[in-house]
Every structure is written in structure tokens, then in C-alpha cells.
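Right, one structure below, let's go through it.
The values are calculated or read from the model by the stated rules, or taken from the named source; none is laboratory data. Computed from a predicted structure; not experimentally measured. Cβ atoms come from the backbone with ideal geometry, glycine included; neighbour counts cover every protein chain shown. For the accessible areas, the whole protein counts, side chains as well, though only heavy atoms, and no ligand, DNA or RNA atoms are used. Shrake-Rupley method; radii C 1.70, N 1.55, O 1.52, S 1.80 Å.
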Amino acid sequence: MAFGINACAMALQTGYAKSLLYYGDTKNERVLELVNEAQAAGVVVQPVDIFRLDQLSGDGVHQGILVRLRATEPVDLRQVTRAAGQSSLVLILDRVTDPQNLGAVLRTAVAVGTDAIILPLRRGALLTPGVHRASAGLSFVAPVAAPQNLAMAIRTLKEANYWVVAADAGEGAQSATSFDWPAKTALVMGSEGEGVSHLLLHESDFRVALPMDPRVESLNVGVATGALSYLWRRQWPSQSPQA
């Protein structure tokens, strides 16, 4: 399920919308445009009262529209590595559980041209309605992979000549702004509270940290992912969507 105008628009655009419910008395022109688009695409459309939308969205900010979704399939990580060019960025999210943070990361991943975003099947956020809304629907186009565990995913990436770079401010970390980013980078991001797990730090080839004013303990994982991703892209711009 997804709700909110932007998320529903992207679900329709990408063909993931199975049915659409909307507030029958709405005067919102954008909602009415989406209703017309859904009908033209053969998507089942149903007007409902506002209380039904509140109920289905868990009192979320639905803006008078909601879609039920078709099942989405994660991308195959091995296929991603085979199709990757000379430079490639893959994001690995370790224990990132907040839907707002995950939504922000997915938006960044699409913007920077990331080849895959790896989410663990356990101990991480899933593609929930909150994530769809926080990502403005870009969760429907982001290349998300969901392996059984992150350590296996890292081994798959290393076999494909990726270097694993963990975002970690601990001992041995290099400054991300002067770091020589590998052409094929798998960037590991941890949660704001727990950081990257010891297991994945052990599997990493490098550790990098963003230089910060000492009064700032840490950055939100969405902000940090954006900064680090674009530092990599600055060094390897050839496959940038806008290059």
C-alpha cells in the first residue's frame, strides 16, 4: 500500500498500482488527475469517505488518495554486478530502521545513479507505506536488493571487484573528502544510533568519516549517505545521470 499524491503518482507511473481509492468529495485537482490516469490505465478506482482513508493509512497524511500495490521483486545482486560499468556505487544499509531515513536514502540513491541499495531481510526497514511516502514514490524505481544477509552480499560484491567502504568515525577512519574512492564502491551505512556492526566493519576494506565540527556528534544517515555518495560521484562522474 502507498498513500499521498507523490507516492501514488509514482506507483501509477511505474505500473505498481493495482487499485486506487480516493476521497469521493475531493476538489484537489492533482488527485482528480491521478484518478483519470488510473482509469485510463485500467486500474480499479473506488471513491470512499475520508474516514476509510484515515483507517487504511493508519491516520497517515494520505492527501485524499491511496493505492493498493502489486508485489514488487527485488533486483538480483549478481545480475547488477554483471551489468555494472567500470564505475559503480552500491549502498549497503546496516540496521537502518527508520522509514523517514530509508526514504531519504532511496531518493539520494536514485538521484546519484546508484546501481543497487541492499536492505537486509531482518533488522532493517522494509518498503512500507511510510517509506514510499518519505521517498516521494522513488522507492518504486530504486534498485533495491534483499539478500539473506549482508555479509553474503559483501562477499558477492567482493567477487565482482567491488571495494567495501564503511562509514565509521572510529580509529583508522580516513577523511571522506580526501579519500581516493574506488571506481567500484560498496558503501556501508549504519544507523545513527548504532553505526555499522562489528561484523561488517571487519568485512570492510576501508573506513571513512565526514569531517565535522566537534560539537556535532553525528549526522542523520540520510544526510550522511547523500554527502558520501556525491563525494564518490565527484570522483567518478562518467556514469552520472546528468553527465
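Being more than 12 Å from Ile65 (Cβ to Cβ), open to solvent by 70 Å² or more (accessible area, probe 1.4 Å) and either in contact with a strand residue (DSSP E or B) (Cβ under 6 Å, 6 or more places away or on another chain) or aliphatic (A, V, I, L, M) (or both) is the filter here; which residues of region 4-50 pass it? Of everything in region 4-50, those that are more than 12 Å from Ile65 (Cβ to Cβ), open to solvent by 70 Å² or more (accessible area, probe 1.4 Å) and either in contact with a strand residue (DSSP E or B) (Cβ under 6 Å, 6 or more places away or on another chain) or aliphatic (A, V, I, L, M) (or both) turn out to be Lys18, Gln39, Ala40, Ala41, Val44.
Here is a yes/no grid of residues against (1) touching a Cys at 6+ places or on another chain (Cβ under 6 Å); (2) at pLDDT 90 or above; (3) closer than 21 Å to Val141 by Cβ:
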| residue | (1), (2), (3) |
| --- | --- |
| Gln55 | no, yes, no |
| Thr72 | no, no, yes |
| Asp76 | no, yes, yes |
| Leu91 | no, yes, yes |
| Ala109 | no, yes, yes |
| Leu127 | no, no, yes |
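For region 70-90, the count of residues that are in contact with a Pro (Cβ under 9 Å, 6 or more places away or on another chain), among the aliphatic types (A, V, I, L, M) and more than 30 Å from Ala160 (Cα to Cα) is zero. Look at Pro143 and say whether it is of a type outside the set (Phe, Trp, Tyr), open to solvent by 20 Å² or more (accessible area, probe 1.4 Å), within 25 Å of Val67 (Cβ to Cβ) and out of contact with any strand residue (DSSP E or B) (no Cβ under 9 Å at 6 or more places or on another chain). The answer is no for Pro143.
In region 189-205 there is at least one residue matching the filter, namely being small (Gly, Ala, Ser), closer than 14 Å to Val105 by Cβ and either crowded, with 16+ Cβ neighbours inside 10 Å or touching a residue at least 24 places away in the same chain (Cβ under 8 Å) (or both).
Of all the listed residues (Leu69, Leu138, Leu89, Leu56), the sole one being over 26 Å from Glu192 (Cα atoms), open to solvent by less than 80 Å² (accessible area, probe 1.4 Å) and in contact with a Lys or Arg (Cβ under 8 Å, 6 or more places away or on another chain) is Leu69. Every test in (1) under 19 Å from Met152 (Cβ atoms); (2) crowded, with 20+ Cβ neighbours inside 10 Å; (3) not hydroxyl-bearing (Ser, Thr, Tyr) is passed by Pro74 save one, and that test is (2).
Just checking, does region 208-226 include any residue being open to solvent by 20 Å² or more (accessible area, probe 1.4 Å), free of Cβ contacts under 8 Å to residues at least 60 places away in the same chain and among the polar types (S, T, N, Q)? Yes: one or more hits. Scanning for something out of contact with any helix residue (DSSP H, G or I) (no Cβ under 8 Å at 6 or more places or on another chain), part of a helix (DSSP H, G or I) and small (Gly, Ala, Ser), does region 40-63 turn up at least one residue? Yes; the residues of region 40-63 include at least one that is out of contact with any helix residue (DSSP H, G or I) (no Cβ under 8 Å at 6 or more places or on another chain), part of a helix (DSSP H, G or I) and small (Gly, Ala, Ser).
Taking the criterion of being modelled with pLDDT of 95 or more, buried (at least 24 other Cβ atoms within 10 Å of the Cβ) and among the small types (Gly, Ala, Ser), would at least one residue in region 154-165 satisfy it? No.
Taking region 5-39 as the range and being in a helix (DSSP H, G or I) and small (Gly, Ala, Ser) as the test, the residues that pass are Ala7, Ala9, Ala11, Ala38.
For region 194-202, the count of residues that are in contact with a Lys or Arg (Cβ under 8 Å, 6 or more places away or on another chain) and outside any helix (DSSP H, G or I) is nonzero.
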